[in-house]
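Just below is one structure, and these are the notes that go with it.
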Amino acid sequence: MLSIKEYQTVTNISGPLMMVEMVDQAKYGHIVDIELGDGSIRRGQILQVENDKVLVQVFEGTRGIDVNKSTVRFLARPLELDVSPDILGRVFSGLGEPKDDGPAIIADKRLDINGSPINPYARDYPNEFIQTGISSIDGLNPLVRGQKLPIFSGAGLPHDQVTAQLARQATVLGKGEEFAVVFAAMGITFEAAQFFINDLQDTGAIERAVMFVNLANDPAIERIATPRFALTAAEYLAFELNMHVLVILNDMTNYCEALREISAARKEVPGRRGYPGYLYTDLATVYERAGRIKGKTGSITMVPVLTMPEDDKTHPVPDLTGYITEGQIILSRSLHRKAVSPPVDVLPSLSRLKDKGIGQGKTREDHADLYNQLYAAYARGKESQELATIMGEAALSEEDKKYMTFANEFEARYVSQDYYENRSIETTLDLGWELLSMFENAELKRIDVELIKKYMPKFRKEKSE
Amino acid sequence: MSETRQGRVVKVAGPVVVAEGMAGARMYDVVRVGKLNLIGEIVELNGDLASIQVYEETVGIGPGEPVVDTEAPLSVELGPGLIESIYDGIQRPLNSLVDFEGEFMGRGSSMPGLNREKKWHFKPTVSEATKVAPGNIIGEVQETTLLTHKIMVPAGVNGTIKQIAEGDYTVDEKIGVVAAEDGSETELKLMQKCPVRSARQVRRRLAPNRVLVTGQRVIDTFFPIARGGTACVPGPFGTGKTVVQHQLAKWVDADIVVYVGCGERGNEMTDVLTEFPELKDPHTGEPLMKRSVLIANTSNMPVAAREASVYTGITIAEYFRDMGYTVALMADSTSRWAEAMREISTRLEEMPAEEGYPAYLAARIASFYERAGRVECLGSPERDGALSIIGAVSPPGGDLSDSVVQATLHVVKVFWSLQGRLAYQRHFPAIDWLTSYSFYKQYLKDCFEDKEQGQQMEAMTVKAMGLLEQEAELLEIVRLVGTEALSPADRLSLETARSIREDFLHQNAFHKVDTYTSIEKQYEMLKNILYFHEQSLSAIEAGVETAEIFKLAVREEIARAKYIPQDDIAKVAEIRNTIDEQMKHLQVPNSV
Ligand SMILES: Nc1ncnc2c1ncn2[C@@H]1O[C@H](COP(=O)(O)OP(=O)(O)OP(=O)(O)O)[C@@H](O)[C@H]1O
Ligand SMILES: [Mg+2]
C-alpha cells in the first residue's frame, strides 16, 4: 500500500499554482490535499514533477495559502468519484462532494474522473433518432442517441429554455424510454442553475438526475474538474447501469477560461486569444466521452452549451468545439429579436449524425429529401431577404419574392414554437410539406418525384377523396 | 546481445518525460517508460538526458521510475494481414486490444501489428538459385479477393535464393533462405519491419501522368487529382472535409486505400468500419473493406501517438506502392498532427515560430507530402507504383492564412477550398469553384477511351468554368441594379450557371445513386447542361422570350439526371433529344 506523505515545503505560490519541493515519489496527475494554517483543506492536482519539485494547481485557488504554515498531503491517486446507484437524484459540488442535505455516498466503486478513451473499434454508431419535439432540431438537425451536439449561444439568448425543453421532451421514438440527466454547471448563475433544476423537479425527472454544480461565485479552477466528474457519473450510469444518459454541460466557455488561467500562470506560449495550444485536445477528452459501445445497452448523449463571446463563431471556444462535436445548434440574435423562439439559426446549424438516424423505419422515408429541400429553399429565401433589405422588395423578381415569402413563413411557423410545445416528428414533417406546397413540383429538385406524389398535401387530399 | 540500457525518469510534464542515465541512446529509439511499461520514443538527447514523447497517458508516472531502451526505431510490421485492419497511431491492432483490455483503452499493452497465428498460403514466383536484391518480388499471398499481396525481399538483403517453398505460413515463419556472397544466410519471412520516419527506397521517381478518378463530379471534372499526386482540403468545421475524404476512400480508382483518422472523431472511424464492409467497389463488386487499411488515433487518444499516426500510415501505403499498386492515402486531419507536434515541442521548451508551432513545421509537412508520387519500384520485375496523398486541413476559424494551410499549399498540387457559405446553403461538396485549383487538369482528357470525347470534355470544362465566373460578375450587377438591367443572354447565363451548380456540382454523398458518378456519366450530364444553353441562346437570338425557355419541362429532367443509375447511362444522353423536341415548339412572339 502506498503511504500518504506530508510535506511543509511549499516554496512558491503564484496565481492558482503552487510549488512544493523536496518531495519524494510524487506522480504526475495525482492529487494533493493542502491543509492551511486555519485547518481548512483545499485540493490540488500535480501538473508537473521534476526531480523533487512538484507543481500543483489548486482547485479552490491559492488565496490565503501561506508558504510557511501549509501542509501538503500527497494522496497517491488521481481525482476520483465515488459512485453507486444512489448518486441519482443528488447534487454535488464542482469537485464531486455532496452539496445537498443527503448522506455521503457509500461507494460501490471509485472511478478516476479522467476516464479512458473508448477504443474506436468498440464504438457502436449512433443511429437511434431522439425526438426532442422541437421542429428545427427534429426536422432539420436531428439528434441521435450517443451524439454530442452543442448549443452555441450568446449572452442573453435563451439557451437555458432550450436545454430545459430538451431535457423535458427528449425520447427515443417508439421506445418511450426516458433519459437520465447528468447536469454539470460551470460558472453559471444561481438563477440559471436553479431554473434548470426546478424544471427537472416539476417533471419528476429529478429522480433520474445527477447534478454537479459550480456557480459563478465558486472557485474558477474547480471548473476544470467539473465536467469530468459529470462524465464519470454518466459513464457509470450508461455503461454499468445500462441507462440512457443525457449530459448537459453548461457553460463550456467558463471551463475554457479556467484552462486559460492555468496556462497563463504556467507562462505557456499562448495560442489564439490566450487560450493554450492544447485546448483542442483537452476539449476532445471531454466531448469524446459521449457515445455508444457495442454490446452495451446504455448510451451517453451530450449537449454542451457555450456562449460565444461577441456572438463570434470563430472564437476559439466555439471553433474548437465545432471541430470536435458532431454538429452544432446555433442560436441567432436576430431571430431572437424577431421573437422567433427557439431562435435556432437553421443554416449554420448542423447535425452530422442525422443521416443514419432517419428515414424509413426510423422517422419516415421522406425525411432526408424533405430537409434537403427545406434547406435549399430557405437558403434561397434568405438571399432574397437580404437582397430586399439592400434594394427594397420592389426590385425582387417574382421568383425571389416567392422564396422570401417562404423564408418568412418558415421562420414564423416551422422554427418558432412554444417552449412547452412538443411536436411529434409527423407533425414536423407534415408542416414541412405544407410550407413547400407553395412551389411548383418541378422546383422541388431535391425530392424524389414518388415522394412528392405521396406526401404533398394536394396529392394526399386527392387520394383521400 | 548488449545489456539493455536503463535510465530513470527525472521529469514528467504531460506527454513528455525526461530520463537520465540514457547516454548512448539514439534519437527516435523506442523506449518503455515507468512501471506501467508505457511506450515512448526519444525525441531529444542532451548529454545523459533523453526527452521522450510517450504514446500513452502519463498520469501516475513519477521520478525514479525506470526507462528501458529497446534500441530499435519506431517501426511498423509489413506483411499479409494489413488489409482490413484498424490500428492506433503506433500500429497496435484496435480490434485485438478490445479483446485484451476491454472497450476502454488501457495502458502499457504491446501487441504486434500483424496476427501471429493466422496462416497464409504463399506461392513463390521465383525459383531456387535466383539472384535477388531488395524489392525483388519472390512470391504472392492472395490476401483478400481484391488484393494479391506481393512478398518482397526486405531492405539490406542481397544474394541468391537458397531455398523457397510453397506452403501455408504464419507471418514470422521461414518461407525461404537467401545466401549472400560471403556465405551468410538470411531467413525470408512473409513479414518485414520498417522504420516509419524515413521514406522507403525506390528506384526512380516519375511525374504523375494520369487522373485518379474519384466519382465526385466537382473533383474529377474541374479539379482532378492524379495518381501519385497530392491534394489538400482545408475548410472550417462542418464544411465537408471528412465527407470528401470518406467519399474518396470509398470510390477512388485505387488498388489500396489507407485512411488515417488523425486526432478526429471516434464515431467517424466507426462509420467507416460499419460502412465499408457493406459497400461494393464499383469496379469489382467486392466489399470496399477488402482494399482498405485504417489508422485511428482519435482526438482523445494520446497526442504523441497522433503525431506518429501519419508516419505509420504513410509507411504502410509506401509498402503497397512498392508492390506496384496505386495507393491513396487520406489523412484527416493534418492540422491535428501539426498540433501534436506543437504540443510536444512546447513541452520540450523549444523556441516557437508562428502560432506557437515549431520552426520545423513547414519542413515536416513538406517531407510528408514528398512521400507521395509515382515511382519505378525497387527490384524486379520492373513495375510502377503510385501513392497519392489527400490531406484535410482544419484551420482555426477557417482562416486560410493559418501556418498549416500555408505550409501545405506550398507543396500540394491540388487545392479543394471548402467554404462555410456553401455548406450553410447545403451546397455539397462545398468546394469553391472559383478559388480551388488543380495542376493535373491536362490529364482529364486521357480518362476517355474515345480521344475526341476527351477533347470535348476538356472544352466543356473551360466553357462551364467561364459561365461560373461570368455568374459571379453578373450577380454583382444584380446586387447593384436588379435583374431588370440584364440582357436576355445574360439572364440565360445566370440560369445555366445555376444549373451547373445545382444539377452538376452539387452531389449528395448520402444518395445511393448520386454518391458516385462515372466519368462517362459526368461527361453526359455536363453536355446536357451546355447543350441546353447553346440551344437556348439560338432561341433567344431568334426572338424567344427567356421566360418561355425557363418554363421548359426538360429542365427538370436535366436536373434529375444525377439520379439516373449508371446502368441506364444511355437515358442521360437521350435527354438531348427531349431538349431538341421541346425547343422546336417554342414560339417567337408575333414578329411584325
Ligand atoms: N457531399 C455531401 N453530401 C451530403 N452532405 C454532406 C456532403 N458533404 C458534407 N455534408 C454534410 O456536412 C456535414 C459535415 O461534413 P464533415 O463532417 O465532412 O465536415 P468536416 O469539414 O470534416 O468538419 P470537421 O472539421 O469538424 O471535422 C456532414 O455531416 C454532412 O451532413
Ligand atoms: Mg471532419
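Points worth noting:
- When both bridge partners sit in region B:229-439, DSSP labels roughly 25% of those beta bridges antiparallel.
- Computed with a 1.4 Å probe over protein heavy atoms only, the accessible surface of chain B comes to 38 Å² per residue.
- Excluding exposed DSSP-loop trypsin sites (Lys or Arg not before Pro) (at most 16 other C-beta within 10 Å), longest clean stretch of chain B: B:204-511
- Convex hull volume of the Cα atoms of region A:171-217, normalised per residue: 71 Å³.
- Peptide A:276-286, shielding by other chains (average Cβ, 10 Å cutoff): 6
- Excluding ligands, DNA and RNA, the accessible surface per residue across region A:24-151 is 35 Å² with a 1.4 Å probe.
- 1.4 Å probe, heavy atoms, protein only - residues of region B:422-457 losing at least 40 Å² accessible area vs chain alone: B:Tyr424, B:Gln425, B:Arg426
- Mean shadow area of region B:116-191, taken as a quarter of the surface of its Cα convex hull (nm²): 4.7
- Relative contact order [Cα under 8 Å, 6+ residues apart], region B:6-75, whole percent: 41
- Formal net charge of residues neighbouring B:Gly40 (Cβ-Cβ distance under 11 Å; K, R +1; D, E -1): -3
- Ellipsoid semi-axes in whole angstrom, largest first, where each is sqrt(5λ) of the Cα gyration tensor of chain B: 51, 29, 19
- Helix axis angle, A:226-235 relative to chain A longest principal axis, alpha carbon, degrees: 70
- When all alpha carbon pairs of the protein assembly as shown are counted in 20 Å bins from zero, the resulting P(r) reads 12, 40, 34, 12, 1, 0 %.
- Calculated [222 nm] ellipticity per residue, helices only, for chain A: -9000 deg cm²/dmol; basis is -39500 (n - 2.57) per DSSP H run with n ≥ 4, divided by all residues, nearest 500.
- With Cα atoms, 0 to 90° folded angle of helix A:367-391 axis to chain A main axis: 90
- Taking the C-alpha atoms only, the angle from helix B:451-481 to the longest principal axis of chain B is near 70 degrees.
- Ranking B:Pro234, B:Ile90, B:Ala559 by how far each Cα lies toward the positive end of the dipole of chain B (charges on Cβ) leaves B:Ile90 at the top.
- B:Val31 long-range amide H proximity, modeled H, under 5 Å: B:Gly40, B:Glu41, B:Ile42, B:Thr70
- Gyration tensor verdict on chain A (Cα atoms; rounded if a/c is under 1.5, prolate if a/b is larger than b/c, oblate otherwise): prolate
- Share of pairwise Cα separations in region B:309-442, more than 17 Å, in percent: 65
- Binning the C-alpha pair distances of region A:5-77 at 10 Å intervals from 0 yields a P(r) profile of 23, 64, 13, 0 %, listed from the shortest bin outward.
- Range of Cα positions in region B:367-442 per principal axis (Å), largest first: 53, 26, 19
- Accessible surface of region B:229-439, 1.4 Å probe, proportion on carbon and sulfur as whole %: 54
- Separation of region A:287-360 from region A:1-45 is 39 Å, based on Cα centroids.
- Counting all C-alpha pairs of region A:81-356, share separated by more than 29 Å (%): 27
- Placing +1 on the Cβ of every Lys and Arg and -1 on the Cβ of every Asp and Glu, with no other charges, gives region B:229-439 a dipole of roughly 280 debye about its Cα centre.
- The helix-based estimate of mean residue ellipticity at 222 nm for chain B, built from -39,500 (n - 2.57) per DSSP H run of four or more residues and divided by its residue count, is -9500 deg cm²/dmol to the nearest 500.
- Among the listed pairs A:Lys362/B:Lys527; A:Lys296/A:Lys453; A:Lys402/A:Lys461; B:Lys250/B:Lys413; B:Lys527/B:Lys584; A:Lys445/B:Lys413, a Cα-Cα separation exceeding 30 Å is found for A:Lys362/B:Lys527; A:Lys296/A:Lys453; A:Lys445/B:Lys413.
- For region B:1-77, the alpha-carbon coordinates run over 31, 30, 20 Å along the three principal axes, in decreasing order.
- Accessible surface buried once B binds A (1.4 Å probe; total of both sides; Å²): 6300
- Span from the region A:394-465 Cα centroid across to the region B:322-365 one, whole angstrom: 48
- The magnitude of the dipole of chain B, with charges of +1 and -1 set on the Cβ of Lys/Arg and Asp/Glu and taken from the Cα centre, is near 440 debye.
- Selection of trypsin sites (Lys or Arg not before Pro), region A:131-193, meeting DSSP coil and at most 14 other Cβ within 10 Å: A:Lys175
- In this Cβ point-charge picture (+1 for Lys and Arg, -1 for Asp and Glu), the protein assembly as shown has a dipole of about 940 debye about its Cα centre.
- Cβ-defined net charge surrounding A:His315, 11 Å radius [Lys, Arg +1; Asp, Glu -1]: -1
- On the principal axes of its alpha carbon atoms, region B:451-591 extends 45, 34, 31 Å, with the longest extent given first.
- Cα gyration tensor shape for region A:263-363, rounded if a/c is under 1.5, else prolate or oblate: oblate
- Accessible area of chain A belonging to carbon and sulfur atoms, whole % at 1.4 Å probe: 49
- The residues A:Glu257, B:Glu541, A:Glu411, sorted by heavy-atom accessible surface at 1.4 Å with ligands and nucleic acids left out, run B:Glu541, A:Glu257, A:Glu411 from largest to smallest.
- In region A:98-159, the C-alpha radius of gyration followed by the widest Cα-Cα span (Dmax) gives 18.0, 45 angstrom.
The values are calculated or read from the model by the stated rules, or taken from the named source; none is laboratory data. Quick caveat, the model's predicted, so the values are computed rather than measured. Methodologically, a virtual Cβ is constructed for each residue, glycine included, from the backbone with ideal geometry; neighbour enumeration extends over all protein chains shown. These area figures cover heavy atoms from the full protein model, side chains too; ligands, DNA and RNA do not enter into them. Shrake-Rupley method; radii C 1.70, N 1.55, O 1.52, S 1.80 Å.
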